[in-house]
Amino acid sequence: MGKKRAEKSTYSNLDHVGVVVKDMDKTIQYLSSLGIGPFEPPISDPALAEKWFRGDPSDWKVKIRYAKIGPVKLELIQPVEGKNANQEFLEKKGEGIQHIGFTVDDLDREVAKLTTKGIEVIMRMKKPGGQSVYLETDAIGGILIELMQR
């Protein structure tokens, strides 16, 4: 009897774990003292990015730094200004793991699958070279899922 090949999971390409912090420099200094890192140079918000939060256009800004840990990145995010999912998380829960990020081949298809299950897109960003969405789920203790297409 032949084996049926399993369909590839949407979540088989874990890219990063996103952690919201209050003070990027202080956090990196502490993590570096523990041997976690090195951290890549800062990533600035692309000025050309189209951004939405809870369905409305939004001009939020964040600081982002990555450290590669094996095949996965640790993403530190410090909200700077404007309403966004990162600021909302920091205000409601404080610092901590806010989302897990996966790369997908067809973002629109994956988002359509999830929204039919009642999962809400709370933040979206389009920039040259890719787009991503944050999805609010009831799973895994309220940790968001980020799907990205490059």
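Go through region 8-32 residue by residue and tally those that are assigned to a loop (DSSP other than H, G, I, E, B) and closer than 23 Å to residue 109 by Cα.
Residues in region 8-32 being assigned to a loop (DSSP other than H, G, I, E, B) and closer than 23 Å to residue 109 by Cα: 6 in total.
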**Q.** Options 140, 145, 100: the member that is under 18 Å from residue 12 (Cα atoms), aliphatic (A, V, I, L, M) and surrounded by fewer than 12 Cβ atoms within 10 Å (Cβ to Cβ)
**A.** 140
Q: Restricting attention to region 74-132, report how many residues are more than 16 Å from residue 60 (Cβ to Cβ), under 15 Å from the mean Cα position of the chain (by Cα), among the small types (Gly, Ala, Ser) and not in a strand (DSSP E or B).
A: 0
Q.
Test of understanding: among 68, 92, 51, 83, which residue is surrounded by fewer than 18 Cβ atoms within 10 Å (Cβ to Cβ), basic (Lys, Arg) and closer than 19 Å to residue 148 by Cα?
A. 68
Q | Cβ-Cβ under 8 Å pairs, at least 6 apart or on other chains, region 124-137 side in contact (Cβ under 8 Å) with a residue 60 or more places away in the chain, far side outside any strand (DSSP E or B) and not charged (D, E, K, R) | A | 125/49; 126/49; 127/46; 127/48; 127/49; 128/46; 128/48
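Computed from the coordinates by the stated procedures, all read-outs in this text should not be read as laboratory data. Note that the structure is a prediction, hence the values are computed from the model and not measured. Don't worry about glycine lacking a Cβ; one is built from the backbone with ideal geometry, like all the others, and counts go over all protein chains shown.
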